[in-house]
């Protein structure tokens, strides 16, 4: 994905662990890990809102755009 | 009654499909060796096969090459049916698990479509053979038209369904990876 969620940087700045953030946000640690590693396809605004509230930051602090190849979504030919 | 998941309509359908599948495999296991036995035991001549049963002599209405051709056609039909039924069983398994929109089901539906094409061609071939081979007791169905538009329409529907499932699998994965 060319848009990434920079959770690792914010967790470091707020001195918070992933599991603690998961408890505060109400999302499982596994799903937060998917966000952190850039494997997520999309994020709900409600989740983004909860992350910003828990980390006391703005959405722009979490989202990072890297110019590059846009993924082809139709990759289910089996 | 629910449509998906355990103890749903899908689970009963799976049981019925399992029974039909095992029966079809049984038929295939009988016809296949019969063809081999016929090829070995009967001279490859035009004189029809005959055998005595319950004091009566039964004579095949077809010559031996024609009979072998018919049996090969029947075995091809049954083997294709086994392939199609197995794929349908696997799809119904995912229905019972409550998760039908999986990428594997796209390939399975395409295999079912291909299998139906072979089945229809085998049926048309057998009908042609019965219509054009001289017999002592002509089949009452020998003069029927071969082309069955309903069957070919079903093939088209299956391929369209495969594309629907492809899109469904993509949407499912997107939903899974939406946090």
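Once the Cβ-Cβ distance between residue A:57 and residue A:3 is put in as r, and R0 is 25 Å, what FRET efficiency do you end up with, to the nearest 0.05? All intermediate terms of the calculation are to be shown ahead of the outcome.
Numbers: r = 16 Å, r/R0 = 0.66.
E(calc), rounded to 0.05, equals 0.95.
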* Estimate the FRET efficiency between residue B:59 and residue B:132 by the formula 1/(1 + (r/R0)^6), using the beta-carbon distance for r and 25 Å for R0, to the nearest 0.05. => 0.75
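Starting from the Kirkwood radius over alpha-carbon pairs of chain B, derive D by Stokes-Einstein at 20 °C in a medium of 1.002 mPa s and give it in µm² s⁻¹.
Details: Rh = 19.3 Å.
The Stokes-Einstein estimate is 111 µm²/s.
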* To do: May I ask for log10 I(q)/I(0) of segment A:3-65 at q = 0.20 Å⁻¹, from a Debye sum over the Cα atoms as equal point scatterers with solvent left out?
  => -0.68
* **FRET efficiency, residue B:12 to residue A:13 (Cβ-Cβ, R0 35 Å, nearest 0.05)** => 0.05
* Relative contact order (percent) for segment A:1-58, with alpha-carbon contacts under 8 angstrom and 6 or more residues of separation? -> 42
* Asked: So what's the protein assembly as shown giving for Cα Rg divided by 2.2 N^0.38 Å, two decimals?
  -> 1.65
* Asked: Angle, helix B:64-96 long axis vs. longest principal axis of chain B, Cα atoms, 0 to 90°, nearest 10?
  -> 20
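None of the figures in this text is laboratory data; all of them are computed from the coordinates on show. This one's a predicted model, so the numbers in the text were calculated from it and none came from an experiment. Cβ atoms come from the backbone with ideal geometry, glycine included; neighbour counts cover every protein chain shown.
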